[in-house]
1. Of all residues in the range A:113-128, how many are surrounded by 14 or more Cβ atoms within 10 Å (Cβ to Cβ) and either touching a strand residue (DSSP E or B) at 6+ places or on another chain (Cβ under 8 Å) or among the acidic types (D, E) (or both)?
2. Which of the residues that make up the range B:95-107 are modelled with pLDDT under 95 and outside any strand (DSSP E or B)?
3. For A:N29, work out the one condition from (1) under 20 Å from A:I181 (Cα atoms); (2) under 16 Å from the mean Cα position of the chain (by Cα) it doesn't fulfil.
4. Could you tell me whether the range A:171-179 includes any residue that is among the polar types (S, T, N, Q) and without any contact (Cβ under 8 Å) to a residue 60 or more places away in the chain?
5. If we keep just the residues of the range B:132-142 that are in a helix (DSSP H, G or I) and touching a residue at least 24 places away in the same chain (Cβ under 8 Å), which is farthest from the other protein chains (Cβ to nearest Cβ)?
6. Conditions first: (1) more than 25 Å from B:Q27 (Cα to Cα); (2) surrounded by 13 or more Cβ atoms within 10 Å (Cβ to Cβ). B:R136 passes all but one, so which condition is the exception?
7. Can you tell me which condition B:G153 does not meet? The list is (1) modelled with pLDDT of 85 or more; (2) of a type outside the set (A, V, I, L, M); (3) more than 21 Å from B:E22 (Cβ to Cβ), and all the others hold.
2 protein chains.
Amino acid sequence: MDKGLLLVLSGPSGTGKGTVCEELCQQQNSLCNSISVTSRFPRKGEKDGVHYHFLPEAQFEKLIEEGALLEWARVYGNYYGTPLKQVEEKRAQGLDVILEIDTQGAKQIRERVKEAILIFLLPPSLKELWNRIKGRGTEKPEVMKERFLAAHGELKEISNYNYVVFNNNVSEAVDKIKAIITAEKCRVARNKEKLAKLSEERWLI
Amino acid sequence: MDKGLLLVLSGPSGTGKGTVCEELCQQQNSLCNSISVTSRFPRKGEKDGVHYHFLPEAQFEKLIEEGALLEWARVYGNYYGTPLKQVEEKRAQGLDVILEIDTQGAKQIRERVKEAILIFLLPPSLKELWNRIKGRGTEKPEVMKERFLAAHGELKEISNYNYVVFNNNVSEAVDKIKAIITAEKCRVARNKEKLAKLSEERWLI
């Protein structure tokens, strides 16, 4: 069985990463996400073990020390990270794993997992992004502005990514990421084994 | 407008390149093929200006001298080539161009057009390929064997390609190539202009 792909989905907050990821995993049986660990408090409606594994800061730092995280970052004073074991187990079963993480985390993944596929999700315009951040209504004005400025700063990081997807609407963005998955599975570098097998068929020669 | 992609489709004869290409161009309005020039005689059913531009050997050699060909090759004693101007004009109009060419030609394209996307079409097995070559019934046994051995030799060239598509059935192969086109249009390197534009939106900052 082929090892599953490792996909990374980044993008400024307010771009719709969460919705796109959820829709993708619903449509593609072979795709699953990995539940991140975080030290921040749950937002309204967020459930432990579903949206995140919520952990006290000290326990999070223990995971870092043990090397149990594929990547981790401290954002707005909170830790976020991805458990290595969970991801590797799923990929070994042939499942593709998609991680919804920020640019700091993506950089670490790129260094540790050379074959990872990095996708940056963008709003159609920055004005639209600002409207979406405002529309969420869960943050104070200073926090919203901080998020917006961070988003603008993150644009510089796109050159580290393989793909950019403009999220004009969810279903279009989902279709594009599905196409990226299909295409990546056709990459010559990911088919070495199959090609070697074909080449060994020497029955007529 | 974005410049169209340049796709190259190679694969041993008998793999179904022609059928896949035709089906692709029918399904994708933005995709067209380029009619090759050749010095060989038309096969039964082939029309000048549709399947190939058929030219006498001397005229073909003149095109080579003039640098009017994007690539050319001599296969089984006949010349085959792709007119440069035709391809560039279509790409400038935003059309994606797919070229059905052999490994020699693909190598030349790779050197001249860095952004070209090289796809290798393969049969599900070599046994299946042999059946298809036999089934065509237009060649003598020696020619069929020669084609088969050439096919096996071409497998070595796959490492120069970006993608490999197994042609188990035409519609599956077509869908995969369509996904490759969609994915390639999302590549960060192909979206520099759009990204620069987005980054310049400084209305709030």
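1. Taking the range A:113-128 as the starting set, the residues that turn out to be surrounded by 14 or more Cβ atoms within 10 Å (Cβ to Cβ) are A:113, A:116-123, A:125-126, A:128.
Going one step further and asking which of them are either touching a strand residue (DSSP E or B) at 6+ places or on another chain (Cβ under 8 Å) or among the acidic types (D, E) (or both), we end up with A:113, A:116-123, A:128.
So the count comes out to 10.
2. Once the filter is applied, which keeps residues that are modelled with pLDDT under 95 and outside any strand (DSSP E or B), the range B:95-107 yields B:I101, B:D102, B:T103, B:Q104, B:G105, B:A106, B:K107.
3. Single failed check for A:N29: (2).
4. First, the residues of the range A:171-179 that are among the polar types (S, T, N, Q): A:171.
Of the ones still in play, those that are also without any contact (Cβ under 8 Å) to a residue 60 or more places away in the chain are none.
Taking every residue of the range A:171-179 in turn, none turns out to be among the polar types (S, T, N, Q) and without any contact (Cβ under 8 Å) to a residue 60 or more places away in the chain.
5. Taking the range B:132-142 first, the residues in a helix (DSSP H, G or I) are B:132-136, B:141-142.
Of the ones still in play, those that are also touching a residue at least 24 places away in the same chain (Cβ under 8 Å) are B:132-133, B:136.
On the way: B:R132: 13, B:I133: 11, B:R136: 16 Å.
The extreme case among them is B:R136.
6. Evaluating B:R136 over (1) more than 25 Å from B:Q27 (Cα to Cα); (2) surrounded by 13 or more Cβ atoms within 10 Å (Cβ to Cβ) leaves (2) as the failure.
7. All conditions are met except number (1).
For (1) more than 7 Å from chain B (Cβ to nearest Cβ); (2) within 15 Å of the chain's Cα centre (by Cα); (3) at pLDDT 95 or above; (4) not in a loop (DSSP other than H, G, I, E, B), each residue gets a yes or a no:
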| site | (1), (2), (3), (4) |
| --- | --- |
| A:V165 | no, yes, yes, yes |
| A:A173 | yes, yes, yes, yes |
| A:I180 | no, yes, yes, yes |
| A:K197 | yes, no, no, yes |
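The values are calculated or read from the model by the stated rules, or taken from the named source; none is laboratory data. Please read all numbers here as calculations on a predicted model, not as lab measurements. Neighbour counts run over all protein chains shown; Cβ positions are idealised from the backbone, glycine included.
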